[in-house]
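One structure below.
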Amino acid sequence: MAIVNVTPDSFSDGGRHDSIEEAVAHAKACIAEGATIIDIGGESTRPGAEPVSEAEEKSRVLPVIERLAAETDVLISIDTYRGGTARAAIAAGAHIINDVYGLSYDPSIADIAAETGAGLCIMHTGRGREAEKRPDVIDDQFRFFTKALATAEAAGVNRNAIMLDPGFGFAKSREEETELMARFAELHALELPFLIGTSRKRFIGTMTGRERADERDVGTAATTAVLRLAGAHVFRVHNVAANRDALRVADAILSAQNTGSRVGAETRS
């Protein structure tokens, strides 16, 4: 999943793709590098970013979605927490709603996903949940997702249309980010696929000493490989080529592990 921010202020690429032509060209370049999903956002979610109105968000993302839907066959994801933007984006040709508030800001997104048959990504966030946040990172993930999935189920969202995102970089300390990666496999008890969004996040900069976001691609690729080996499914990234290489290495290892397990079982039998 390639990130296309049609914004002037996103933490890594703000302003680089804030015209329709630039955003569409960047999306097509990502497709050429191997992206199969394009995630389009019209409002920065970095800490301290200025909020935009729904009308402004729509004016940024809808023309890009319409162009990509008309000119490519790529899967299109709308990165929004507003039901109105989500509905308009699906009508314009998007296939997936990527909600960084995990249905906690605007639960109507669940209704829209159910009505339209769109895919739904539910992200864990600690923002606005300080009073109820549990000290154990996995326990907190389960508490959040249990509530969000109940909202989705009540709205009639097909469970097969849902992905979960553990929310790396959203209201978590560096220690919590690291522990979440180390214990990621425990989340498979939720029995749903996972989207990962570690790309160029601040905690990678802290780990590697890279202050500039655009210098964190190697660190990002390392987390991609680690989390793929731990069973993650989709990776939301800025640098498609680097992370495709990391995934090829991880998938080769997973393939060898599966082959070795089968051979071992046959030998023992």
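The values are calculated or read from the model by the stated rules, or taken from the named source; none is laboratory data. Since the structure is predicted, the reported quantities are computational estimates derived from the model, not experimental observations. In this analysis, Cβ positions are derived from the backbone assuming ideal geometry, glycine residues included, and neighbour counts consider all displayed protein chains. Each accessible area value is taken on the protein alone, full model and side chains, heavy atoms only, with ligands, DNA and RNA left out. Shrake-Rupley method; radii C 1.70, N 1.55, O 1.52, S 1.80 Å.
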Each label point is 7 Å from the Cα along the Cα-to-Cβ direction; what then is the distance between the points at ALA171 and ASP245, in nm? 3.7
Per-residue [θ]222 nm for the chain (sum of -39500 (n - 2.57) over DSSP H runs n ≥ 4, rounded to 500): -15500 deg cm²/dmol
Heads up, I need the accessible area for SER173: 1.4 angstrom probe, whole protein in place, Å², nearest 10. 40
Here, the chain modelled as identical Cα point scatterers in vacuum has Debye log10 I(q)/I(0) at q = 0.07, 0.11, 0.13, 0.15 Å⁻¹ of -0.24, -0.60, -0.85, -1.14
May I ask you to give the solvent-accessible area per residue for the chain, in square angstrom, as obtained with a 1.4 angstrom probe? 45
Give the carbon-plus-sulfur fraction of the accessible surface of segment 90-136 in %, rounded to a whole number; probe 1.4 Å, heavy atoms of protein chains only. 50
What is the dipole size for segment 2-267, taken about its Cα centre, with +1 at each Lys and Arg Cβ and -1 at each Asp and Glu Cβ, in debye to the nearest 20? 440
Relative contact order of segment 2-267: what whole-number percent is it, with Cα pairs under 8 angstrom and at least 6 residues apart? 14
For segment 148-203, what number results from the quotient of the Cα radius of gyration and 2.2 N^0.38 Å? 1.29
Apply 1/(1 + (r/R0)^6) to the Cβ-Cβ distance of ARG127 and LEU254, taking R0 = 30 Å, and write down the FRET efficiency to the nearest 0.05. 0.35
Can you give me the angle between helix 217-229 and the longest principal axis of the chain, using Cα atoms only, in degrees from 0 to 90, rounded to the nearest 10? 60
Here segment 168-178 yields Karplus 3J(HN,Hα) values (6.51, -1.76, 1.60; θ = phi - 60°; whole Hz; Gly and Pro given as x) of 4, x, 10, 6, 9, 7, 4, 5, 5, 4, 5
